[in-house]
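The values are calculated or read from the model by the stated rules, or taken from the named source; none is laboratory data. As the structure is a computational prediction, the values presented were derived from the model and not from experiment. So basically every Cβ, Gly included, is an ideal-geometry build from the backbone, and we count neighbours across all protein chains shown.
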Amino acid sequence: MDTSLWGLFTSAFLSSTLLPGSSEAVLVYLASNETYSSFMLLLIAALGNTLGGMTSWGIGRLIAYKYPARGLVKPTHQKAVERLQHWGSPVLLLSWLPLLGDPLCVAAGWLRVHWLLSLVFIGVGKTARYAVLLYLLS
């Protein structure tokens, strides 16, 4: 894998954690160059973004040991936990949403949503976002 694809992977990974990133811009740039197939770009972006979401899930899991969910303070975190408890793991399909997706992934880990269910729903949601973006570019 060359540096452009590593750049896409890294950008997608960081964009899916609580850190800022711009994976869509990197994806659009690489897609417009037509150096790589849309499938390859989709695969790399989805993999990086999904792994970033699972990293957030893991952080939530670790936080739960020291700070149980009953001690939530921030309203955005409370709202994410309430949504996750109400809708269950399928709400992680929305993990691609800006501002809401990262707290959802953390909340899923915090509430001990099974890792495999989290992986599947996070992966499907994030892959669908990149697929739609690539489709709109074609």
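Some points to look at:
- Out of L51, L72, one residue alone is surrounded by 12 or more Cβ atoms within 10 Å (Cβ to Cβ) and at pLDDT 95 or above. It is L51.
Residue-wise test of (1) closer than 15 Å to A12 by Cβ; (2) touching a Ser or Thr at 6+ places or on another chain (Cβ under 8 Å); (3) not basic (K, R).
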| position | (1), (2), (3) |
| --- | --- |
| L51 | yes, yes, yes |
| K74 | no, no, no |
| K79 | no, no, no |
| V91 | no, no, yes |
| W115 | no, no, yes |
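- Test: residue in region 80-93 that is within 16 Å of V26 (Cα to Cα), in contact (Cβ under 8 Å) with a residue 24 or more places away in the chain and surrounded by 13 or more Cβ atoms within 10 Å (Cβ to Cβ): no
- Number of positions in region 105-137 that are at pLDDT below 95, more than 22 Å from L42 (Cβ to Cβ) and either among the polar types (S, T, N, Q) or in a helix (DSSP H, G or I) (or both): 5
Here is a yes/no grid of residues against (1) within 19 Å of G58 (Cβ to Cβ); (2) under 10 Å from the mean Cα position of the chain (by Cα):
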{"site": "L92", "(1), (2)": "yes, yes"}
{"site": "V106", "(1), (2)": "yes, no"}
{"site": "G109", "(1), (2)": "yes, no"}
{"site": "L133", "(1), (2)": "no, no"}
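- Restricted to region 11-23, and to residues there that are surrounded by 16 or more Cβ atoms within 10 Å (Cβ to Cβ) and of a type outside the set (A, V, I, L, M), the residue that is nearest to the chain's Cα centre (by Cα) is S16.
- Scanning region 29-70 for residues that are in a helix (DSSP H, G or I), farther than 28 Å from S4 by Cβ and over 14 Å from the mean Cα position of the chain (by Cα) yields a total of 8.
- Of all the criteria given as (1) more than 15 Å from S16 (Cα to Cα); (2) among the hydroxyl-bearing types (S, T, Y); (3) surrounded by 14 or more Cβ atoms within 10 Å (Cβ to Cβ); (4) out of contact with any helix residue (DSSP H, G or I) (no Cβ under 7 Å at 6 or more places or on another chain), the one not satisfied by Y36 is (4).
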